[in-house]
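A short write-up of the structure that comes next.
Every number here is computed from the coordinates shown, using simple stated rules; none is lab data. Because the structure is predicted, anything quoted here is derived from the model rather than measured. Neighbour counts are summed over all protein chains in view; Cβ atoms, including those assigned to glycine, are modelled from backbone coordinates with ideal geometry.
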Amino acid sequence: MKQAMPVVLNNELYVAIGNDRHEYIVGKTILNPESLNEKQLWERAAKASLIDELIKVCEFLIENKTNAAKEMASDIINYLLEAKREYPKCITLFKENIKETYNSREDLYYE
């Protein structure tokens, strides 16, 4: 599963998804758990973080491994439901990781 990470672009903070480096920018964050736009951003981030798992489900289906596909699909749905229930905990964790990212990532800033 890919992880959420901060990216600063034009002095604005964005949520990106990736492994060692960001691969997808999901959207701009204001880190306000009361905002509907913020909630929707984090729901998109949760979905985007599962792209590799969704591809694997498709591969299982092509290979006629329906039981494996069903199990992984169930895991995906459970993760998305848990992410929805746990919101806004993701914002708290993201805020905690920003300082660490500032200190350890050279690619945080983009002009």
Distance between Cα centroids, segment 66-97 to segment 2-24: provide it in whole Å.
-> 18
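Can you tell me, using C-alpha contacts under 8 Å and at least 6 residues apart, the relative contact order of the chain as a whole percent? Kindly include the intermediate steps, with their values, before the conclusion.
Numbers: 131 pairs, mean separation 33.2, N = 111.
Reported relative contact order: 30 percent.
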May I ask for the angle, rounded to the nearest 10°, between helix 51-62 and the longest principal axis of the chain, with both axes built from Cα atoms and the value confined to 0 to 90°?
-> 10
Given backbone amide H placed at 1.01 Å from N, residues whose amide H is under 5 Å from that of residue 26, ignoring those fewer than 5 places away on the same chain, are 15, 16, 17
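If you take the beta carbon distance between residue 11 and residue 70 as r and set R0 to 35 Å, what does 1/(1 + (r/R0)^6) give as a FRET efficiency, to the nearest 0.05?
Details: r = 46 Å, r/R0 = 1.30.
The formula returns an efficiency of 0.15 here.
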If unit charges are put on Cβ atoms (+1 for Lys and Arg, -1 for Asp and Glu) and the dipole of the chain is taken about its Cα centre, the option from 94, 15, 76 lying farthest towards the positive end turns out to be 76
Note the listed values [x] 1.18; [y] 1.40; [z] 1.08, then indicate which one is Cα Rg over 2.2 N^0.38 Å calculated from this particular structure.
-> [x]
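What is the magnitude of the charge dipole of segment 3-110 about its Cα centre, with +1 placed on the Cβ of each Lys and Arg, -1 on the Cβ of each Asp and Glu, and no other charges, expressed in debye to the nearest 20? Each step should come with its number before you reach the end.
Details: 14 positive and 18 negative charges, 57 e Å.
So the dipole magnitude of segment 3-110 works out to roughly 280 debye.
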Could you list the residues of segment 25-43 with an amide nitrogen less than 15 Å from a label point located 7 Å from the Cα of residue 51 in the Cα-to-C-beta direction?
-> 25-27
